There are 2 protein chains.
Amino acid sequence: MTAFSFELLATDGGARRGQIATPRGTIRTPAFMPVGTGGTVKAMYMDQVRALGADIILGNTYHLMLRPGAERVARLGGLHEFARWPLPILTDSGGFQVMSLAALRKITEKGVTFRSHVDGAVHEMSPERSIEIQGLLGSDIQMQLDECVALPASRDEIERAMELSLRWAERCRAAFGEQPGRAMFGIVQGGDVSALRERSAQALAAMGLKGYAVGGLAVGEPQAVMLDMLEATCPLLPQDRPRYLMGVGTPDDIVKAVARGIDMFDCVMPTRAGRHGLAYTRRGKINLKNARHAEDPRPLDAESDCPAARDYSRAYLHHLVKSGESLGGMLLTWNNLAYYQSLMQGLRDAIEAGRFADHAAECSEGWARGDIAAR
Amino acid sequence: MTAFSFELLATDGGARRGQIATPRGTIRTPAFMPVGTGGTVKAMYMDQVRALGADIILGNTYHLMLRPGAERVARLGGLHEFARWPLPILTDSGGFQVMSLAALRKITEKGVTFRSHVDGAVHEMSPERSIEIQGLLGSDIQMQLDECVALPASRDEIERAMELSLRWAERCRAAFGEQPGRAMFGIVQGGDVSALRERSAQALAAMGLKGYAVGGLAVGEPQAVMLDMLEATCPLLPQDRPRYLMGVGTPDDIVKAVARGIDMFDCVMPTRAGRHGLAYTRRGKINLKNARHAEDPRPLDAESDCPAARDYSRAYLHHLVKSGESLGGMLLTWNNLAYYQSLMQGLRDAIEAGRFADHAAECSEGWARGDIAAR
């Protein structure tokens, strides 16, 4: 069996081109992980997701533990079998969604208690239970339970949550134990305070984990703050371990984070935006609800390899979105995930070719140029 | 260019195996037409619909005239181009949906006036305007405007609407004129009164139309009444013209109507039921919401050619449906349309082989046997 491992293949400035080996397949980095919240990448067949070049998807522990339940997924053969995704899966710890979705949250040293947003049932989740659930799901890359504070927050509050997250990281590491084919990642916290980010990164690095995530960013702060925090954090993380920026982000966020040494990303933007009539393209974000598209026979991007971008008229997409037809969300999600995967492929190629900075500038120019002129 | 024509290839009792030739392709009958309401077969890619064996889909004039509008569709190259369906399309007249969906309906000899359910705008639709709209859409098989009364209704009311529909048939025929590659079908009305059905069928047959529909059935009456009306109607329609039973129906309705000489069907059941957690199979209708499926790793039908029926566990489908995930509707719609198309293929094969009655009995036995036992 292949042991979980990370290999750095090339660097270009701060940008890294690597690959993560797992028993379920290799993940080319920088990688974007489509979000498969409740065992489905919304409005997509898994075959389509794979065909776009995704090497890994993300599953949400919070959603899956509530419905259908981690023990049930385990009895059904694990999440890969259940959702028909044979390649690697990363699961979050459930902590972030507990904070954003559940009611009556209560955090203690022991863990978090909350009410399900589905049926109101009370659940307890400790660091140990989070790792147990992720194991039941069969996750290849598991995340420590952490506490993610919303910004802005006081330094004391940020520091308290960061220190708690470090103690939980140790407990998760102990609960995870030795699993050669899988990995448990720690999560750097510390809000928008560089000194706290540094303390968190150093303490986690000292634990010798298989990978490191940066959490608690893209939660409302300006992009410059996020980038400052990455600049404070990444140099303190081991070079030979993958780095994952959680929940990020726009194409521009991703390019700038790759420039600062991030290897992995996940975000609901391409899928959620697709269900709301928005298309990501080489020339920026296009709102298909806009009446300018109503009689436009041109596709979103005639040069794309993705049928959703290349073969359907903007007029048709506009009609589907305005009429609330599910095919609209299906096609725009498909387009958006195709764009995100092509963005990642472009970044990987550019790093290998030693032209990352030029490529990043070309991406920005394309977005700034904006959409083709209306007819 | 191929002229619109119908050829009867085989009969077996009352059941007919035929083919309709059109410039856009051949329609094998008995045929089931998936309903593509507003230019999309809901939750399906057109490529999937075609791959299931559909030779023709139905478009709804009422929906399309309101949104995106018939003139707009025409400017965009017609409905085939707009919706990316290159094969034949049949459009209804819009009359049925005006009666069921629009507000402030007013019927006069001239036509019908109504308010759009989308934006409240007042529209007028005469027989001539209905044909004009269907022409703008580029429809291959167009339907006359008719008045369809809800049952139960008084004989006088049924007769009045039937006679009005006959006068509108003449006006539609005149408006349609001569279009060799396309057809305009008349619609037999007459409610649940055999004598009125006979009068309608004879009057329409005398017009020498290219095809005949039977309308105003499956609107709440018992199946036996529907079948009685078909028995009163079909013998009076020309043998050498296709016959279309509008809006019907369940698999059992379809088999029994084919036995009585019907060639074409459309119905929202497979698509609508799919979005509501219901699967049509060889062994009857299965409600995926039922908890019995929650841990069942077996597929809907291991012997099906359709990936949705064959490759996904009932447990996963149950989870998707219970969670309101769009993939649930996508997979069940796919399964249901696959089942309907395989049903039609089975009927066509049985008629050719001269074993229609046996095949119909086998279908009924399968539905009566019911779903596989729970584990």
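The values are calculated or read from the model by the stated rules, or taken from the named source; none is laboratory data. Please read these numbers as outputs of a predicted model, since none were measured by experiment. Every residue, glycine as well, gets a Cβ built from its backbone with ideal geometry; the counts of neighbours run over all protein chains shown. For accessibility, only protein heavy atoms count, side chains too; no ligands or nucleic acids. Shrake-Rupley method; radii C 1.70, N 1.55, O 1.52, S 1.80 Å.
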Extend 7 Å from the Cα of residue B:81 along its Cα-to-C-beta direction; within the range A:271-298, residues with backbone N under 19 Å of that point are A:293-298
DSSP beta bridges in chain A: the antiparallel percent, rounded to 5, is 55
Averaged per residue, the 1.4 Å probe accessible area of the range B:133-240, protein heavy atoms only, in Å², is roughly 35
Rounded to the nearest 5, the percent of antiparallel DSSP beta bridges in the protein assembly as shown equals 55
Inter-copy distances for residue A:1, nm, shortest first, label points 7 Å along Cα→Cβ, are 6.6
Axis carrying B to A; for chain B the Cβ-nearest residue and its rounded Å distance come to B:326, 3
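Quick one: dipole size for the range B:151-225, taken about the Cα centre, charges +1 on Lys/Arg Cβ and -1 on Asp/Glu Cβ, in debye to the nearest 20. Intermediate results must be reported in sequence, preceding the final value.
Working: 9 positive and 9 negative charges, 63 e Å.
My answer is approximately 300 debye.
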Ordering A:344, A:269 by the accessible surface of their heavy atoms, 1.4 Å probe, largest first, yields A:269, A:344
For the residue B:268, residue A:239 Cβ pair and Förster radius 41 Å, calculated FRET efficiency rounded to 0.05 is 0.10
Quick tally, 1.4 Å probe accessible area for B:372, A:133, sorted with the most first, runs B:372, A:133
In whole angstrom, largest first, the equivalent ellipsoid semi-axes that the Cα gyration tensor gives for the protein assembly as shown are 57, 28, 22
If N is the residue count of chain A, its Cα Rg over 2.2 N^0.38 Å rounds to 0.97
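Partner chain Cβ atoms within 10 Å, averaged over the residues of A:74-84 - can you pull that number for me?
Working: counts 0, 3, 8, 3, 0, 0, 0, 3, 6, 6, 5.
Average per residue, whole number: 3.
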Computed ³J(HN,Hα) along the range B:6-23: with the Karplus parameters 6.51/-1.76/1.60, θ = phi - 60°, integer Hz and x for glycine or proline, the list is 10, 10, 8, 8, 6, 10, 8, x, x, 6, 10, 10, x, 8, 9, 9, 9, x
Contour minus Cα-Cα span, residue B:105 to residue B:223, at 0.36 nm per residue, comes to 39.6 nm
Expressed in angstrom and rounded, the centroid-to-centroid distance over alpha carbons for the range B:35-63 and the range A:225-302 is 34
Full extension between residue B:118 and residue B:194 adds, at 0.36 nm per residue less the Cα distance, a length in nm of 23.6 nm
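Using just the alpha carbons, could you tell me how many Å³ per residue the convex hull of the range B:266-375 encloses? List each step's numbers first, then the result.
Working: hull volume 10.0 nm³, N = 110.
Hull volume normalised by residue count: 91 Å³.
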Output row for residue A:156: copy-to-copy label distances, label 7 Å along Cα→C-beta, ascending, in nanometres, one decimal, is 8.6
For residue A:76, the accessible surface traced by a 1.4 Å probe with all protein chains present amounts, in square angstrom to the nearest 10, to 20
Those trypsin sites (Lys or Arg not before Pro) from the range B:43-112 that are DSSP loop and have at most 14 other Cβ neighbours within 10 Å turn out to be B:110
Ranking A:18, A:93, A:307 by how far each Cα lies towards the positive end of the charge dipole of chain A (+1 on Lys and Arg Cβ, -1 on Asp and Glu Cβ), the top one is A:307
For residue A:73, the accessible surface traced by a 1.4 Å probe with all protein chains present amounts, in square angstrom to the nearest 10, to 0
Going through B:256/B:289; B:106/B:210; A:42/A:110; A:285/A:322 one by one, the pairs whose alpha carbons sit over 26 Å apart turn out to be B:256/B:289; B:106/B:210; A:42/A:110
Distribution output for the range A:258-301: share of Cα-Cα pairs per 10 Å bin in percent, first bin at 0, values 23, 42, 23, 11, 1
Calc'd 3J(HN,Hα), the range B:343-359, phi into Karplus 6.51 cos²θ - 1.76 cosθ + 1.60 (θ = phi - 60°), Hz, glycine/Pro = x, comes to 4, 5, 4, x, 5, 4, 4, 5, 5, 4, 8, x, 10, 4, 4, 4, 5
Heavy-atom accessible area of residue B:113, protein chains in place, probe 1.4 angstrom, given in Å² to nearest 10, is 50
Taking B:303, A:71, A:231, A:221 and ranking on accessible area (1.4 Å, protein atoms only), highest first, one gets B:303, A:231, A:71, A:221
Taking every residue of A:312-323, the Cβ atoms of other protein chains inside 10 Å of its Cβ average out to 5
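Per the helix-only calculation at 222 nm, which mean residue ellipticity applies to chain B, given -39500 (n - 2.57) for every DSSP H run of n ≥ 4 and division by its residues, nearest 500 deg cm²/dmol?
On the way: 15 runs with 156 residues, N = 375.
Rounded to the nearest 500, the figure is -12500 deg cm²/dmol.
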Distances in nm between the label point of residue A:224 (7 Å along Cα→Cβ) and its equivalents in the other copies, shortest first, are 8.2
So, with points 7 Å from each Cα along the Cβ direction, the residue A:179-residue B:9 label distance in nm works out to 5.6
